[in-house]
Amino acid sequence: MKLIEDLQQVFVERYGEKDVTPVEPAQFAAPLGYFVVGYLDGAPIACGGWRVHSELEGAAEIKRMYVAEALRGRGLSRLVLTNLEDTARAAGHRQMVLETGLRQPEAIGLYLATGYERIANFGIYRDHPESRCYGKPL
């Protein structure tokens, strides 16, 4: 998918390599996950998903949230985030969690502005000094 390729390029530009987080498309299939793609004039412009988080009971983990660079600053990331939260809540999850990096200040700003708070790093990011994990009750 073009959006995921573009997101990986952002990781290369900011961190020097692609994101190597283990992510399998099947993890986003209902009922254990969800993935949404937003379109404008037939072209994909935004995406994001959540998957059940195995370490944190009752939590859904946001993954691969991205808005095409040319369309940023228009509130699309908030629309995707709201959709992810609503669908996770409807699926019975009590908390959203996510990991982002220090070199993604736009993402950190979005999450803080929408009620996310810093939580202990989890999973493969537990000891990564540039990782920041956030959570929000649903």
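The values are calculated or read from the model by the stated rules, or taken from the named source; none is laboratory data. This is a predicted model, so every value here is computed, not measured. Please note: Cβ atoms are built from the backbone with ideal geometry, for glycine as well, and neighbour counts cover all protein chains shown. Heavy atoms of the whole protein, side chains included, go into the accessibility calculation; ligands, DNA and RNA do not. Shrake-Rupley method; radii C 1.70, N 1.55, O 1.52, S 1.80 Å.
Points worth noting:
- Between A43 and D127, the FRET efficiency from the beta-carbon distance, with R0 = 22 Å, is close to 0.05.
- The residues of the stretch 79-138 have, on average, 51 Å² of accessible surface per residue, using a 1.4 Å probe with all protein chains present.
- Potential lengthening between V36 and L79 on full extension [0.36 nm per residue; Cα-Cα distance subtracted]: 14.4 nm
- Estimated FRET transfer efficiency when R0 is 35 angstrom, pair I4-E57 (beta carbons, to 0.05): 0.80
- Rounded to the nearest 20 debye, the dipole size of the stretch 1-128 about its Cα centre is 200 debye, using +1 on the Cβ of Lys and Arg and -1 on the Cβ of Asp and Glu.
- The helix-only estimate of mean residue ellipticity at 222 nm for the chain, built from DSSP H runs of length n ≥ 4 each weighted as -39500 (n - 2.57), is -8500 deg cm²/dmol after division by the residue total.
- Residues of the chain were split at every exposed loop site, defined as trypsin sites (Lys or Arg not before Pro) in a DSSP loop with at most 15 other C-beta atoms within 10 angstrom, and the longest piece left, sites excluded, is 19-71.
- Cα centroid of the stretch 1-20 to Cα centroid of the stretch 94-112, whole Å: 16 Å
- On the principal axes of its alpha-carbon atoms, the chain has extents of 38, 34, 30 Å, going from largest to smallest.
- FRET efficiency for the R103 to L71 pair, using the beta carbon distance and R₀ = 22 Å, is estimated at 0.55.
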